[in-house]
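Engineer: Take this structure first; my questions come after.
The values are calculated or read from the model by the stated rules, or taken from the named source; none is laboratory data. Remember, it's a predicted structure, so these values are computed and weren't measured experimentally. All Cβ positions, even for glycine, are placed from backbone atoms using ideal geometry, and neighbour counts span all protein chains on display. To get the accessible areas, we keep the full protein, side chains included, count just its heavy atoms, and leave off ligands, DNA and RNA. Shrake-Rupley method; radii C 1.70, N 1.55, O 1.52, S 1.80 Å.
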Amino acid sequence: MRRIPSRLWLLCALYFVQGLPFGFQVTALPVYLRSRGVSLAALGFAGALSLPWMFKALWAPLVDRYGSERVGRRRSWILPMQAGLALACALAAFAAGRGSLPLLLGLIFVMNLFAATQDIAVDGFAVDLLRPEELGLGNTAQVVGYKLGMLTGGGLLVWASARIGWSGLFLAMAALCLAVFTVVLFVREPPPRESEEGPESPRLDWPALWARIKAAVTVPGTGWLLLFIGTYKLGETMSDVLYKPFLVDAGYTAGQIGLWVGTWGTAASLLGSTCGGILAARLPLLRAVALTGTLRLLPLAGRWLLTRAGVSDASVLGVTLTEEFFGGALTTVMFAFMMSRTDRRIGATHYTLLASVEVAGKAPAGPLAGVLADPKFGNLGYANMFLLGVVLSAAFLALLAPLRRHAPAPAAPQPAS
């Protein structure tokens with residue numbers, strides 16, 4: 001059995017840290033707010049706390065342009081971002097202990113800002129090092145690490161909050177961030193591998209950087225590519241935003257939701273992400289997207305069936321685990337596809353641009369779903385919104401046709417190093 005390279009373990013740990021605050025936000029925060037009587041409409045707008053993930057492309061060129069050669073081009077960004085994330089988590093523990101909701105929400109925004117900026121550098125690190133044949137394994141490390149962080153921040157620690165409290169949850173997150181910071185502190189950043197054009201300068205001047213960006217975004221078919229990336233999670237996210245409040249209103253406790261959705265659900269997503277990495281390595285990437293995107297429709301339709309046939313522990317758990325499994329597989333395959341379309345010479349900026357489009361495509365889903373479902377506004381209810389999520393996810397599959405027409409020519413095989 002082939003040994004997994006140490007750089008992939010490092011990638012996994014870095015993405016783990018980035019998943020901690022987002023895991024709390026998407027899984028635990030809706031439960032936290034709903035249990036305090038926050039309306040569905042207001043709850044939907046809590047997704048604005050993740051805006052740094054949408055707009056990180058604005059400062060991504062700085063990460064490609066600047067960096068210390070002595071510390072490491074990527075480590076010189078990763079280390080301060082991790083330290084800032086740990087500090088924000090520690091301050092959130094204070095805010096949670098004082099019951100200051102505005103301060104806590106502001107600190108969650110700051111956590112996302114630090115994590116999103118670190119993500120730019122880590123994505124650039126991955127693009128620098130991964131060979132085409134490693135995209136499946138590399139993106140499995142990315143997604144699995146990130147979702148382990150989400151499982152911890154939105155599942156295990158929420159489950160443990162019954163004993164350690166919300167302040168203890170944030171202190172535990174701070175300790176985990178410091179642990180990975182210590183690992184990175186003693187890791188030497190390897191140089192990026194050579195491209196087919198020969199050795200590359202680790203740093204581009206501003207005119208060369210902007211020329212690379214312009215070339216990357218004017219390739220024929222770029223519009224279809226951005227639409228494809230921006231819509232693949234739209235329907236699923238509209239359904240996800242309402243799923244936890246639906247379970248709260250159905251009578252399930254925060255502990256049950258944290259265990260089933262945040263812990264067991266994320267474990268199913270991890271398994272799905274691993275299977276998605278295998279598919280990405282063995283199938284053409286667009287074919288793998290088509291397969292996983294089609295299978296994802298089944299559990300999304302299952303959520304609608306819960307509203308019609310009623311809930312039971314078995315049905316909720318079955319729908320939850322199945323949706324997380326196929327959603328995880330699709331995410332890994334899509335990220336591998338995105339990385340295959342990235343210009344490695346501006347890896348941090350180009351991949352961040354694609355990732356920002358992915359986040360921007362999901363951003364309207366939360367506010368829109370909350371307003372449409374809320375009895376005081378759209379009054380569509382949970383059933384109609386879950387059905388709308390199925391329809392939008394099915395419509396996304398139609399974009400596979402133009403993507404195939406604009407697929408780039410396969411790269412020439414490279415000699416073994």
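Every residue, every condition in (1) farther than 26 Å from L33 by Cα; (2) surrounded by fewer than 17 Cβ atoms within 10 Å (Cβ to Cβ); (3) within 19 Å of the chain's Cα centre (by Cα), yes or no:
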site: I257; (1), (2), (3): no, no, no
site: A268; (1), (2), (3): no, no, yes
site: G272; (1), (2), (3): yes, no, yes
site: C275; (1), (2), (3): yes, no, yes
site: A280; (1), (2), (3): yes, no, yes
site: P284; (1), (2), (3): yes, yes, no
site: A290; (1), (2), (3): yes, no, no
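Engineer: Across region 343-402, what is the total count of residues that are under 27 Å from L291 (Cβ atoms), surrounded by fewer than 16 Cβ atoms within 10 Å (Cβ to Cβ), over 23 Å from the mean Cα position of the chain (by Cα) and touching a residue at least 24 places away in the same chain (Cβ under 8 Å)?
Structural biologist: Of the residues in that region, 1 qualify.
Engineer: Within region 223-232, how many residues turn out to be open to solvent by less than 20 Å² (accessible area, probe 1.4 Å) and out of contact with any helix residue (DSSP H, G or I) (no Cβ under 8 Å at 6 or more places or on another chain)? Working first, answer last.
Structural biologist: Our first condition is that a residue be open to solvent by less than 20 Å² (accessible area, probe 1.4 Å); within region 223-232, this holds for 225, 228-230, 232.
Subset that is out of contact with any helix residue (DSSP H, G or I) (no Cβ under 8 Å at 6 or more places or on another chain): none.
Total satisfying the criteria: 0.
Engineer: Is it the case that region 91-110 has a residue that's charged (D, E, K, R), surrounded by fewer than 16 Cβ atoms within 10 Å (Cβ to Cβ) and more than 20 Å from T27 (Cα to Cα)? Outline the logic, then answer.
Structural biologist: Step one: list which residues in region 91-110 are charged (D, E, K, R), which gives 98.
Imposing the further condition that a residue be surrounded by fewer than 16 Cβ atoms within 10 Å (Cβ to Cβ) reduces the set to 98.
Right, trim to more than 20 Å from T27 (Cα to Cα) and you get 98.
Yes, because at least one residue in region 91-110 is charged (D, E, K, R), surrounded by fewer than 16 Cβ atoms within 10 Å (Cβ to Cβ) and more than 20 Å from T27 (Cα to Cα).
Engineer: Same structure again: Just to verify a result, which residue in region 111-144, among those that are modelled with pLDDT of 85 or more and farther than 24 Å from E324 by Cβ, is surrounded by the most Cβ atoms within 10 Å (Cβ to Cβ)?
Structural biologist: Across region 111-144, the extreme among qualifying residues is I120.
Engineer: Buried (at least 24 other Cβ atoms within 10 Å of the Cβ), without any contact (Cβ under 8 Å) to a residue 60 or more places away in the chain and touching a Lys or Arg at 6+ places or on another chain (Cβ under 6 Å): does that describe F326? Outline the logic, then answer.
Structural biologist: Working: buried (at least 24 other Cβ atoms within 10 Å of the Cβ): yes; without any contact (Cβ under 8 Å) to a residue 60 or more places away in the chain: yes; touching a Lys or Arg at 6+ places or on another chain (Cβ under 6 Å): yes.
Spelling it out, F326 is indeed buried (at least 24 other Cβ atoms within 10 Å of the Cβ), without any contact (Cβ under 8 Å) to a residue 60 or more places away in the chain and touching a Lys or Arg at 6+ places or on another chain (Cβ under 6 Å).
Engineer: Can you give me the number of residues within region 296-312 that are open to solvent by 40 Å² or more (accessible area, probe 1.4 Å) and within 20 Å of the chain's Cα centre (by Cα)?
Structural biologist: Final tally of qualifying residues: 0.
Engineer: Just to verify a result, which residue in region 60-88, among those that are under 19 Å from the mean Cα position of the chain (by Cα) and modelled with pLDDT of 90 or more, is nearest to R7 (Cα to Cα)? Write out each step before concluding.
Structural biologist: Pass one, region 60-88, residues under 19 Å from the mean Cα position of the chain (by Cα): 60, 78, 81-82, 85.
Pick out the ones that are also modelled with pLDDT of 90 or more and you get 78, 81-82, 85.
Working: I78: 15, M81: 19, Q82: 18, L85: 22 Å.
Filtering region 60-88 for residues that are under 19 Å from the mean Cα position of the chain (by Cα) and modelled with pLDDT of 90 or more, the one nearest to R7 (Cα to Cα) comes out as I78.
Engineer: Another one. Output the helices (runs of 4 or more DSSP H) that fall wholly within region 299-401 and possess 3 or more residues being within 30 Å of P220 (Cα to Cα) and of a type in the set (G, A, S), or say none.
Structural biologist: Numbers: elements: 313-340, 347-362, 365-373, 381-396.
Counting at least 3 such residues, we get 313-340, 347-362, 381-396.
Engineer: What is the residue count in region 52-74 for residues that are within 15 Å of L354 (Cα to Cα), of a type in the set (A, V, I, L, M, F, W, C), touching a residue at least 12 places away in the same chain (Cβ under 8 Å) and part of a helix (DSSP H, G or I)?
Structural biologist: 5
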